[in-house]
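Reading through the structure tokens given below for one structure.
The values are calculated or read from the model by the stated rules, or taken from the named source; none is laboratory data. Because the structure is a prediction, the values reported are computed rather than measured. Neighbour counts are summed over all protein chains in view; Cβ atoms, including those assigned to glycine, are modelled from backbone coordinates with ideal geometry. The protein model used for the area step is the full one, side chains on, heavy atoms only, and it has no ligands, DNA or RNA in it. Shrake-Rupley method; radii C 1.70, N 1.55, O 1.52, S 1.80 Å.
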Amino acid sequence: MGVKISIQEKNFRIEQERKLVLDDIQLTLNKGDFLTIIGPSGCGKSTLLKIVAGLDTDYRGAVIVNGRQVEKPGIAQGFIFQEHRLFPWMTVEQNIAADLNLKDPEVREKVDEIIEIVRLKGYEKAYPSEISGGMSQRVAIARALIRDPEILLLDEPFGALDAFTRQHLQDVLIDIWQRKKITMMLVTHDIDEAVYLGTHIAILSANPGRVEKLVPVELSYPRSRTSPSYQDVRQRVLQEFEKTEYEKYRDGEGI
Amino acid sequence: MVRAQALNKPIAGGKKAKKSSAAWGKGLVFPLLVIIIWQIVSSSGLVSVTVLPSPLQIVSTFYQLIISGVLLEHLQISIYRAAAGFLLGGGIALILGFLVGFSKQFESYLDPTMQMLRTIPSLAVTPLFILWFGLDELSKILLIAFASFFPLYVNTYNGIRSVDMKLFEVAQVLEFSRWKKVTKLILPSALGHILVGIRLSLGIAWLSLVVAELMGSSSGVGYMIMDARQFSQTDKVFVGIIIFGVVGKLTDSLVRLLEKKLLKWQTNFEGVE
């Protein structure tokens, strides 16, 4: 059981010209793994996530989630977008329930439970326009979680938030991950976020996107950003990252 | 900051209510000023009563028309015509707007025709309607229906087509059924446009009512105006005009109230102080 990603190639077509975006990506996640993916902008990390979600099916390869091939988007592959993408006409609790009926006691119970987990108690009846960006993103996470996804995919979910809110949400995410034991994949451009969250870190290089290095992080949670062992891992990842960046500039690409 | 906002809500609400009543007062200043000057000019005898009756005289005629029940009778038939025409035209507009908005097939078959019909002034089709349906109720209602069809049709279609693609993607990820996509995504996001369409259509229905009643009838506020004109009863003409204005404004306010209730999730620019 787990997630097997095997992408031979993924091309973009830009004005008749084919551009190789992802080249031979092979990743295997065990149940409960938290894979963070970092890479320079334009390395195709968001595209990779969209392929796993089933939102992009125009590629050569296969994505297998718990023995089932992903062919279209669905609740089994929960997806958190960069923006919260809440329905503005629904309150917080309506957004979480979305197409489910809130009057159903079973749904009601699940919604209340999840609101507790993402720490939104007291805001059930607020509209998205009345709450902050960080809270909105938590609603989006709750909306995915209530559907019991087999994997949760997060595409730079905290990128638009300020540093303080981001750290807070990272802790919320760890809390959820530990409670629910969901397999997670999170794309970020923030090395610190990748180290703080992941059980594994995939470092992608750009043009074309390849997995340059897969770094396991053997630190226990909650992690302390200031501990020497944490700094050690961070240093290692940074070095790897700079290496791929350096090669990019040496080849005269990038920027 | 967010928490403070949530806590302050009732206070903010109270402030808003006060503000709107103040705005109400401001709206009355200009018409009151005009009426006062008008009364002064009329009382001084500078203009003839058949050209410009004084406000007081208009009020007294108004009162007499109400007491005798004449006004109510005319108003009733006028409202009936406008409502029937609006419901007919608006109803069909909603249905067609939905169909054309939802389906590309319907759009390519129907929309070009609609856009062509839309440019025809309702005054131009009036003679045709009289020829076909005579001078009785049917032709009037159909004329109103024809005129009030287009604003609602165009806005419904627009509303459905303005659904955010990003939210569509979300609906896909959350595995919304086709029905839920309609009720939870498309309808709520089109609602704002549809309500604007309803407001415009109601306005047009009211306008074309006058055309319908002026083209020949023996009842209705429009008829009352025409009849009074023939006898140079300018004060009665004024009463008719005022009635049109007041009822038109009332229906518009009603839809706006509906708008406020249904679209309370929207936070839009409300204009500067």
*In the stretch B:192-204, how many are within 14 Å of another protein chain (Cβ to nearest Cβ) and open to solvent by 50 Å² or more (accessible area, probe 1.4 Å)?*
1
_Only listed residue being open to solvent by less than 100 Å² (accessible area, probe 1.4 Å) and without any contact (Cβ under 8 Å) to a residue 24 or more places away in the chain, chosen from B:Phe30, B:Phe102, B:Phe106_ = B:Phe106
*Can you name the residue in the stretch A:103-123 that is surrounded by 15 or more Cβ atoms within 10 Å (Cβ to Cβ) and not basic (Lys, Arg) and, of all such residues, is nearest to the other protein chains (Cβ to nearest Cβ)?*
A:Tyr123
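Go through the stretch B:205-233 and give me each residue that's of a type in the set (Ser, Thr, Tyr) and either open to solvent by less than 40 Å² (accessible area, probe 1.4 Å) or in contact with a strand residue (DSSP E or B) (Cβ under 7 Å, 6 or more places away or on another chain) (or both).
Result: B:Ser208, B:Ser217, B:Ser219.
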*Would you pick out the residues in the stretch B:33-71 that are of a type in the set (Ser, Thr, Tyr) and exposed (fewer than 13 other Cβ atoms within 10 Å of the Cβ)?*
B:Ser43, B:Ser44, B:Ser48, B:Thr50, B:Tyr63, B:Ser68
*Of the residues that make up the stretch B:150-164, is at least one open to solvent by 80 Å² or more (accessible area, probe 1.4 Å) and of a type outside the set (Phe, Trp, Tyr)?*
yes
_Looking at A:Gly44 and the list (1) surrounded by fewer than 21 Cβ atoms within 10 Å (Cβ to Cβ); (2) in contact with a Gly (Cβ under 8 Å, 6 or more places away or on another chain), which single condition is not satisfied?_
(1)
*Checklist (1) modelled with pLDDT under 90; (2) open to solvent by less than 60 Å² (accessible area, probe 1.4 Å) applied to B:Lys236, failing item*: (1)
*Cβ-Cβ below 6 Å, separation at least six or inter-chain, first residue in the stretch A:78-91 and within 7 Å of chain B (Cβ to nearest Cβ), second in a loop (DSSP other than H, G, I, E, B): which pairs?*
A:Pro88/B:Trp265; A:Trp89/B:Trp265
*Determine which single condition B:Gly222 fails, assuming it passes every other condition in (1) within 13 Å of chain A (Cβ to nearest Cβ); (2) in contact (Cβ under 8 Å) with a residue 12 or more places away in the chain; (3) small (Gly, Ala, Ser).*
(1)
